[in-house]
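Here's the structure, in structure tokens; my notes come after.
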């Protein structure tokens, strides 16, 4: 049997995971209602961060409007429960189905465009849904939509579900990252020209990346609808997309634990706004921005971007063997 070499990185991971596990177990038992709500919010952004990480950190398609998929998932759940009188499972599936259709369009755009042009197209699609959600009668317009109280859960139940979603999305990200699909995603990000020259179908892999990422975000959006029991078109707000990006950028883009570390920003923001008088609550945004500026200057690769935490680089030329194997199957 081959022995496993214990490294400094493994020790850091173990210490962080043990401390985090102890805190997560304590919070729903001895924490206040406010702390539990903050915990739920943190898990939501961790899960969304993993979704964004897969699309932008792993695959290289920079999404500046990721709230698009999140909002569609939320409305899929809300419309099914409040308008159709259905159940959460149907709402979840409808949200995922709608997201897959939108993601297919976004993926096709991403297969033709990249960089700034892809970002501009995504913002355009996002703006259409944001406006429609605020104008249509079926969505409740800007007043929003409320869910039937029969589906209301306790805060502890919501906390457990949110934690399970965050852990599941983290595991899913790592499984994909370690698979042949993840190798292709990273290869396309690092050197798409080389990937194309070796016969890789860039269009297909980019569409697949958007489909998976949108599905992940849709699940989180569906949970958010149940958690809030009422929401409006602000689920599409650009602030949501900004928070998703910042959680990943501060923690470390493309790193499995990046969103977990970066979620400290969400905790900081919530506690600062709660501690300040109402008239000064907006100052938390200033502090939030200062932290981002400091991170950009001192550690642009994120906290988990240190060499201690960096995974091994993917051999881009490995895609030649992967594509050859795929064609023979």
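Every read-out reported here was derived from the displayed coordinates using simple, explicitly stated rules and does not represent laboratory data. Computed from a prediction, not measured in an experiment: that's the story for all the values here. All Cβ positions, glycine included, derive from the backbone under ideal geometry; neighbour counts span all protein chains shown.
How long is the gain from residue 157 to residue 135 if the chain were fully straight, where each residue apart is worth 0.36 nm and the alpha carbon distance is subtracted? Before the final figure, lay out the partial values.
Details: separation 22, 0.36 × 22 = 7.92 nm, distance 3.33 nm.
Gain on extension, residue 157 to residue 135, equals 4.6 nm.
Arranged from highest to lowest average of other beta-carbon atoms within 10 Å per residue, in what order do the peptides 244-251, 180-187 appear? Intermediate results must be reported in sequence, preceding the final value.
Working: 244-251: 25.1, 180-187: 21.5.
Averaged packing, sorted descending, gives the order 244-251, 180-187.
Please work out how much length the chain gains when fully extended from residue 237 to residue 190, using 0.36 nm per residue of separation minus the C-alpha to C-alpha distance, in nm with one decimal. Can you show the working numbers first?
Values: separation 47, 0.36 × 47 = 16.92 nm, distance 3.05 nm.
Taking 0.36 nm per residue and subtracting the Cα distance, the gain is 13.9 nm.
Which of the peptides 121-127, 74-80, 255-261 is most tightly packed, and how do the rest follow, judged by the mean count of other Cβ atoms within 10 Å per residue?
74-80, 255-261, 121-127
Given q = 0.08, 0.14, 0.16 Å⁻¹, what are the Debye log10 I(q)/I(0) values for region 36-328, with equal point scatterers placed on the Cα positions and solvent ignored?
Relative scattering, expressed as log10 I(q)/I(0), comes to -0.35, -1.05, -1.33.
Need the full-extension length gain, residue 204 to residue 84, defined as separation in residues times 0.36 nm minus the C-alpha distance. One decimal, nm.
39.7 nm
Shape verdict for region 86-193, please, from the Cα gyration tensor: rounded (a/c under 1.5), prolate (a/b greater than b/c) or oblate.
Numbers: a/c = 2.80, a/b = 1.30, b/c = 2.16.
Cα axes put region 86-193 in the oblate bin.
Quick check on packing: order 44-54, 169-179 by the mean number of other C-beta atoms within 10 Å, highest mean leading.
On the way: 44-54: 28.9, 169-179: 17.1.
The packing order, highest mean first, is 44-54, 169-179.
Is the C-alpha gyration tensor of region 36-132 telling us rounded, prolate or oblate? Criteria: a/c under 1.5 is rounded; beyond that, a/b larger than b/c is prolate, otherwise oblate. Could you put the intermediate results ahead of the total?
Details: a/c = 2.19, a/b = 1.40, b/c = 1.57.
Oblate is the answer for region 36-132, as a/c is 1.5 or above yet b/c matches or exceeds a/b.
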